[in-house]
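Taking it in order: structure first as structure tokens, then the write-up.
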């Protein structure tokens with residue numbers, strides 16, 4: 001279906017692609033295991049017509065393929081579901097599906113019922129659960145991802161490109177997506193599937209191509225390789241992500257919540273987080289994990305109850321008090337909530353540490369010499385790949401953006417880190433580096449609470465595991481001899497709860 005041979009693309013003196021080769025067959029799922037900065041994004045942009053390759057050739061169905069723009073790629077039968085969500089918040093799912101494509105008319109007016117019926121037919125054909133009439137701005141990130149996928153399936157596609165489609169999905173939603181992908185492949189489509197989750201790679205895909213530093217370093221059938229073989233190709237070396245050390249002796253309390261209600265409709269929560277703990281918060285979409293984390297950060301004005309940080313009581317709502325107490329927060333959606341995408345790398349790095357960049361302590365004036373020196377130090381410590389400090393942060397790969405969002409908080413003043421899906425959409429190496437950041441913070445006397453939908457990450461990073469269901473903590477245990485089954489039993493332990501609740505509404 002698709003052949004790529006010797007593809008090259010340079011930006012100035014940097015070779016983003018350096019002789020990439022790949023062959024994708026009809027009826028097969030072809031995975032690109034993701035390492036940030038390997039050239040995957042540039043390759044997809046060449047396929048979609050956003051970039052023009054400098055050399056090499058692409059052939060689609062045996063014929064030369066060189067799209068000049070995304071519309072030409074779409075006309076050739078390629079459909080893309082990008083990692084970052086691109087939806088109009090005030091539009092419903094079916095209204096978003098018709099953005100950029102002709103919509104049905106009746107007597108010169110928009111035929112809203114016909115639009116809705118056509119989108120509903122696509123949803124029902126693929127067995128996906130979605131409220132068609134709710135504005136997508138009120139849906140969870142997982143539901144928005146489903147809208148993006150259905151939007152791509154509105155027209156017949158020869159090749160469907162999915163870029164990290166399960167990065168923000170629960171396990172049951174990911175399993176549902178895998179079934180859809182296999183069904184689409186069974187219908188004769190070619191699927192290009194980008195993922196950093198090695199467990200799902202072997203579950204959903206048939207073939208693989210591994211890129212490193214813009215070059216193809218491995219390809220073939222997944223039946224003929226192993227997880228360790230893929231990791232070795234991606235990294236060029238062994239990546240070590242050490243197992244957590246469970247702290248038997250707790251330090252002093254860092255965060256104390258007593259009779260704390262994140263929102264009027266949520267149950268009371270009582271939690272104490274201690275120095276040196278890395279607490280993993282697990283639950284299905286809709287369980288209240290993100291709502292709880294935002295409330296602990298002070299971003300929920302209707303939160304109530306007692307909260308203390310380092311023994312000092314503070315109001316249930318109000319971010320300023322948390323900042324002064326050394327609380328840091330990393331949101332799930334880096335594009336809309338975590339980073340200022342149209343600002344520079346420099347601006348985004350120094351944002352939480354402006355106090356250290358003053359020209360003189362009494363004056364609210366920035367010394368840009370200090371800011372640049374501090375930013376370079378932070379970026380070097382985080383191993384972030386960038387070209388210039390004044391380039392927009394949107395030009396960086398997703399993993400490098402995520403590392404900036406995690407590591408820009410000053411470690412010397414952070415006493416509590418609240419991180420929502422801290423490794424969403426990052427590669428194996430970046431994931432290990434982010435885990436290392438969390439462990440170093442804990443070793444320095446801070447407490448870390450992170451939300452994750454990745455069971456593998458939960459068991460690898462957390463020293464203590466909390467499971468949330470219906471807004472309540474239903475399991476609180478040290479990470480000793482904890483099994484996947486015991487966690488899932490807790491997830492669905494509430495009377496009347498079933499795995500289908502993983503497909504619930506917005507957080």
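Roughly how many nanometres apart are two label points built 7 Å out from the Cα toward the Cβ at residue 265 and residue 228?
In this crude spin-label approximation the distance works out to 5.0 nm.
Over segment 289-373, calculate the relative contact order: mean separation of alpha carbon pairs under 8 Å at least 6 apart, over the residue count, as a percent.
It rounds to 16 percent for segment 289-373.
Order 173-181, 265-273, 309-317 from most to least packed using the mean count of other Cβ atoms within 10 Å.
Sorting 173-181, 265-273, 309-317 by mean packing, highest first, produces 173-181, 265-273, 309-317.
Could you work out how far the C-alpha centroid of segment 341-367 sits from that of segment 116-191, in angstrom?
Spelled out, the Cα-based centre of one part sits 41 Å from the other.
Using only the alpha-carbon atoms of segment 2-235 as identical scatterers, what base-10 log of I(q)/I(0) does the Debye formula give at q = 0.08, 0.11, 0.12, 0.15 Å⁻¹?
Result of the Debye calculation: -0.31, -0.58, -0.69, -1.04.
Restricted to Cα positions, what overall size does segment 1-59 have along the principal axes? Three whole-Å values, descending.
On the principal axes, segment 1-59 reaches 38, 24, 19 Å in Cα extent.
Residue separation times 0.36 nm, minus the C-alpha to C-alpha distance between residue 25 and residue 370: what's the value?
The span from residue 25 to residue 370 would gain 118.9 nm if fully extended.
In deg cm²/dmol, rounded to 500, what helix-only [θ] at 222 nm does the chain give when every DSSP H run of at least 4 residues adds -39500 (n - 2.57) and the total is split over its residues?
-9000 deg cm²/dmol
Can you grab the distance from the C-alpha centre of segment 193-233 to the C-alpha centre of segment 45-107, Å, no decimals?
Result: 25 Å between the Cα centres.
Modelling each spin label as a point 7 Å along the Cα-to-Cβ direction, I'd like the residue 203/residue 69 distance in nm, to one decimal.
4.0
For segment 341-412, calculate the relative contact order in percent as a whole number, restricting contacts to Cα pairs under 8 Å that are 6 or more residues apart.
Normalised by residue count, the contact order of segment 341-412 is 44 percent.
For segment 125-224, report the % of Cα-Cα distances exceeding 20 Å.
Beyond 20 Å sits 42 percent of the P(r) for segment 125-224.
Between the helical axis of 171-186 and the dominant principal axis of the chain, each derived from Cα atoms, what acute angle in degrees is found, rounded to the nearest 10?
10
Let me know the Rg and Dmax you get for segment 341-412 when you use only its Cα atoms, in Å.
11.8, 37
So how much slack lies between residue 353 and residue 252, counting 0.36 nm per residue of separation and subtracting their Cα-Cα distance, in nm?
Gain in length upon complete extension: 33.8 nm.
Along the Cα-to-Cβ line of residue 324, 7 Å from the Cα, sits a label point; which residues in segment 331-371 have backbone N less than 19 Å from it?
Under cut-off, by backbone N: 352-356, 362-364.
A short reminder: the numbers here are calculations on the coordinates, not readings from a lab. Just so you know, these numbers come straight off a predicted model, no measurement behind them. Because the Cβ atoms are built from the backbone with ideal geometry, glycine has one as well, and the counts that use them run over all protein chains shown.
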